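Have a look at the structure below, then the notes.
The values are calculated or read from the model by the stated rules, or taken from the named source; none is laboratory data. Computed from a predicted structure; not experimentally measured. All Cβ positions, glycine included, derive from the backbone under ideal geometry; neighbour counts span all protein chains shown.
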Amino acid sequence: MDPSSTSPRPRGITTTAATVAALGGIALALTAAFVAPSVLDADATGTGRTAGPTDDPVVGPAPSGAVDPDPTTRGADVRAALDALPGVASAVVTPSSSGLSAELELAAPLPGPGAAQRTADDARDLLEGQGRWQLLVTGTSAGTSAGTAALEVYATSDDGPGLLGTDPVAHAVRLVGHDGVRSVVLTAERADVEVATAPDLLPVAGLVRDDGRGLTSIVVTGYGAGSFDGDGTSVPDDAVLRLVADVAARATVTQVAHEARRSGVPSGPLLTVVSTADPATLARWLAATGYDGPPLAYQVQGIADDGASATRSGTLPGASGAAAGAPAGACAAADLSVTAGGFDAALGRRFLTLTARNDTAGACVLSGPPGVRFVASDGAETDILLEPDTATGPDGGGPVELSPGGTATATLTWRGGSTAGDPPRVTSLLVAPHGSGADGGDVVVPLAGTEGATEGLDLLDGGSAQIGAWTTTPG
């Protein structure tokens, strides 16, 4: 089995059924794998090994003259040598015509990081020259306040070093010695750590950073909270992990997942929160946290006061911009008329212009992108992830002052969804002049009279859209 196939993923992120990780004792497994003559691949999981000698590791013919014609004899010799290594409790070797697979169990308590790495290196040396090979090192650490820690170290002769770097077994042993760590997975492609509680995220990530390593994920047991889809060469920003832990501590939150990278467009980081309460309340709380990390889009899924599913989305500018909210002299929703027009389509994308007019006798200010919520023809709010248009950035060109009767525009863009089966289309918009996280109310914008959108927008449940910042209307 490919170790990457069992890597942590956000579970049930589109429902409120997910629960924040339980804190009961769980066996911790650490896996490290040899992938080259000087590299050991570490993989630690709490659910048992992900791959090992019983999985056929040999593909294709062995190098000519490199393998003893009697694999049974070779296997017995290597097993005896592995059994004799310092700190080894037992060894199992599975021979084949093209190489060997070996499983090595370390004695309890686990050796220190340096000793464990030397034993792994010695085992690797014994397998070299045996054709293609795999090595699995297992063991169980002494108990900590978080529970016992079991380790697995997996490797093959075919892989490159990837994310393993040098001395990965020593690194893994150091991590499982920390009270908050439940499991560690290190392979050529994965660098996953599981911790006991959300407050453990920040200190454990610091240990990884101190070792000069990165993470593909760091999650709480049960995956109720964590950071996913990292590049494995860096560690999530402290401010991000602090925010994840703070959100997870909220009484109504059942799941919080930070995606460091996304495969779609936009590809930037995203914080998804599942709540049992009205998401508007949590969105306002997020906007007021004083988050000071890198810009972070967020989406909060929850239940509105009327019992219907609802979503709020926005962006925390962090250290790159001003805190979310209305500027001084801000236009209130009641001060504005907002209309939709200028619908256009090109290359699968859709464009809709929102125009806000100041209906008062005094000047007022708009700043940044508006918040937009989407209501479908069936009356339900459509679950759409709304993010700032990267062409204008989270704050656009700065505040826009509207004189009495003055106007400003913002452009909404999205990729059209399939309308096969006649799904409910978006027929009205709820526009918050200063973003979803700001107070001030919404302006209802019906689309029935909008040319090109009289039947509604093909913005379907689960889709995404981008909104530009308010700009002065040309002319």
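Criterion applied to 182, 118, 174 was being in a helix (DSSP H, G or I) and closer than 30 Å to residue 222 by Cα, and the one residue passing it is 174. Regarding residue 182, is this residue modelled with pLDDT under 95, of a type in the set (D, E, K, R) and crowded, with 24+ Cβ neighbours inside 10 Å? Yes: the conditions hold for residue 182.
In region 328-347, is there at least one residue being at pLDDT below 85, in the same structural domain as residue 443 (by TED's automatic domain parsing) and in contact with a Lys or Arg (Cβ under 6 Å, 6 or more places away or on another chain)? No, region 328-347 contains no residue that is at pLDDT below 85, in the same structural domain as residue 443 (by TED's automatic domain parsing) and in contact with a Lys or Arg (Cβ under 6 Å, 6 or more places away or on another chain).
Looking at region 289-298, is at least one residue assigned to a helix (DSSP H, G or I) and buried (at least 22 other Cβ atoms within 10 Å of the Cβ)? Checking region 289-298: not a single residue is assigned to a helix (DSSP H, G or I) and buried (at least 22 other Cβ atoms within 10 Å of the Cβ).
For region 79-121, which positions are among the basic types (Lys, Arg) and touching a residue at least 24 places away in the same chain (Cβ under 8 Å)? Across region 79-121, the qualifying residue is only 118.
Does any residue of region 103-123 turn out to be basic (Lys, Arg), out of contact with any Gly (no Cβ under 6 Å at 6 or more places or on another chain) and modelled with pLDDT of 95 or more? Yes, region 103-123 contains at least one residue that is basic (Lys, Arg), out of contact with any Gly (no Cβ under 6 Å at 6 or more places or on another chain) and modelled with pLDDT of 95 or more. Considering 164, 135, the condition of being in the same structural domain as residue 92 (by TED's automatic domain parsing), over 18 Å from the mean Cα position of the chain (by Cα) and assigned to a loop (DSSP other than H, G, I, E, B) is satisfied by 164 alone.
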